[in-house]
2 protein chains.
Amino acid sequence: MLLSNFPNYSYKINNQISVYFSHKELNGEVLPPNFLFEVSVVIDVLRATSTIVTALNNGAKEIIPFEEIKEALEFKNKINEKNLLLCGERGGIKPEGFELGNSPLEFTSEIVKDKSLILTTTNGTRAFLKAFKISNKVYIASFLNVSSTVEILSKYNNIAIVCAGNNGSVSYEDTQLAGFIIEKLLSKKDYSLSDSAKIAYNLWKSLKKPDFTGEHAKKLIELGFQKDVDYCQNIDKISIVCEGIRQPQNLLKVKIIKTKI
Amino acid sequence: MLLSNFPNYSYKINNQISVYFSHKELNGEVLPPNFLFEVSVVIDVLRATSTIVTALNNGAKEIIPFEEIKEALEFKNKINEKNLLLCGERGGIKPEGFELGNSPLEFTSEIVKDKSLILTTTNGTRAFLKAFKISNKVYIASFLNVSSTVEILSKYNNIAIVCAGNNGSVSYEDTQLAGFIIEKLLSKKDYSLSDSAKIAYNLWKSLKKPDFTGEHAKKLIELGFQKDVDYCQNIDKISIVCEGIRQPQNLLKVKIIKTKI
């Protein structure tokens, strides 16, 4: 397949930022060649990446993401270790038998310190796992740790921003953070922007601050998670960087850890 | 399949504007129930819908869209009539044996008056044909005829804006027109906006005028179509409304004609 057939990459790619609006855009059909990007950063502000960043900041040892609930349960049962907590959601709700949901406010240091957290969510963990298809280096971003994440992203020239989205559709909140990251990257050096990146950037330029009034925010508020929606809008409350690590020789394929800037 | 599983429609849909960023979003998997929307409007500003609007304004009798070149050729050969012109493009270029490409500037009244135009393009005609899957009423919009199109759209409550996009990815230019249409609709009455609609609306609020600097615009300029790129940015140069008509009992499934406001 020709490079020119891929979305966002008409010609030579250099010093470019591209945005994927949903993890579904990384399904087979539209996949670019392996490792086209030097780095990708995954966004699911409501709530998976906000939760991951909070948990690692509160001392969790690592996050072990799974695409399916079944896989997460199997892994938990196989290891059967008290330092391993089963966490996640489907449709915003904690599945039966899980120890924690996907609310960042649950992941206090009392609960998560030195623990390994198995995490499976509707969109966020899937986006994360798919990001490894397009780059070898994967970071996790939220509004909570945007500046420290941008600090590390700006070392790279070709950057993919992978928004988790809402069940295959674009997320208003994820796209805002994509735009904010682009604004911060452009303040450090020049990048050309894909069409999707131009759209995210202008969305942020129009808003200038988080506006969590999209469909998923409304749904979370209806489910009783107003505090989560408020919390996830905090900018730079946390200064850590979270990185996805590939472990090809290991039982776990990938994990997410706190890393150095 | 539950309504809540569809992108953009978390709950009750009423007085809502939703945007599809690419015709690929209307492929099987994510299709909402038939005729969920009262009306849809198709956008491919570079260049299919700008060409259709120009051709009908210059006196073309009708546009007959086909998804594939092969179908278009078969239809032309079957009818074999001098008032039938074969028009279109692939990758911006006129296919062999075609009488006209997809440059709106070719569609002068001298050439198209009283003619039926067979049209097949990479993204635009496909978006148009797919729009009939989600609504029974389909209009065609470009910057050239935006105000007259909005005049008719504002009679409806649930509106889908279907952008053709670039080969399955979002188009910077199409999304701008989506945002402009939303701004104009909101000035007439209240609508709630899907996440995608909020993004398009804020893109337009940030730009305030057409900014044709996206990937496909650059490609067209490289192919020598700078004049097309300039022309398609003209706002309200044309005051007609273009409508897609379903013809279930006919050899042609759909056609596009100039219609009354």
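Annotations
- J(HN,Hα) series, region A:107-119, from Karplus relation 6.51 cos²θ - 1.76 cosθ + 1.60, nearest Hz, glycine and proline x: 8, 6, 5, 4, 8, 9, 4, 6, 8, 9, 10, 7, 10
- Cross-link pairs exceeding 32 Å in C-alpha to C-alpha distance, out of A:K198/B:K227; A:K198/B:K255; A:K255/B:K219; B:K198/B:K260, comprise A:K198/B:K255; A:K255/B:K219.
- Per-pair calculated FRET efficiency, R0 = 25 Å: B:K155 and B:K227 via Cβ, rounded to 0.05: 0.10
- A simple spin-label model places the labels of A:N77 and A:K218 4.0 nm from each other, with each point 7 Å out along Cα-to-Cβ.
- The same position B:G224 in the other copies lies at 6.7 nm from this copy, comparing label points 7 Å beyond Cα toward the beta-carbon, shortest first.
- Working note: 222 nm ellipticity from helices only, DSSP H runs with n ≥ 4, each -39,500 (n - 2.57), summed and divided by the residues of chain A, gives -9000 deg cm²/dmol to the nearest 500.
- Among A:Q226, A:Q247, A:Q16, residue whose mean-square fluctuation peaks in a GNM of chain A (springs only between Cα atoms under 10 Å): A:Q247
- For region A:123-261, the mean projected area of the C-alpha convex hull, equal to one quarter of the hull surface, is 9.1 nm².
- C-alpha center-to-center spacing [region B:104-168, region B:14-28] in angstrom: 15 Å
- Cut-off under 5 Å, modelled amide H: who pairs with B:V162 long-range: B:Y20, B:V41, B:V42, B:I43
- Minimum Cβ-to-axis distance in chain A for the rotation onto chain B, with residue, whole Å: A:S206, 2
- Pseudo-label separations to other copies for B:K208 - Cα-to-Cβ vector, 7 Å, nm: 1.3
- Among the listed pairs B:K113/B:K188; A:K218/B:K189; A:K188/A:K209, those beyond 26 Å (Cα-Cα): B:K113/B:K188
All of the numbers you see were taken from the coordinates with simple rules; none came from a lab. Bear in mind that the values here come from a model prediction, so they are computed numbers and not experimental data. No Cβ is skipped: glycine too gets one built from the backbone with ideal geometry, and neighbour counts run over all protein chains shown.
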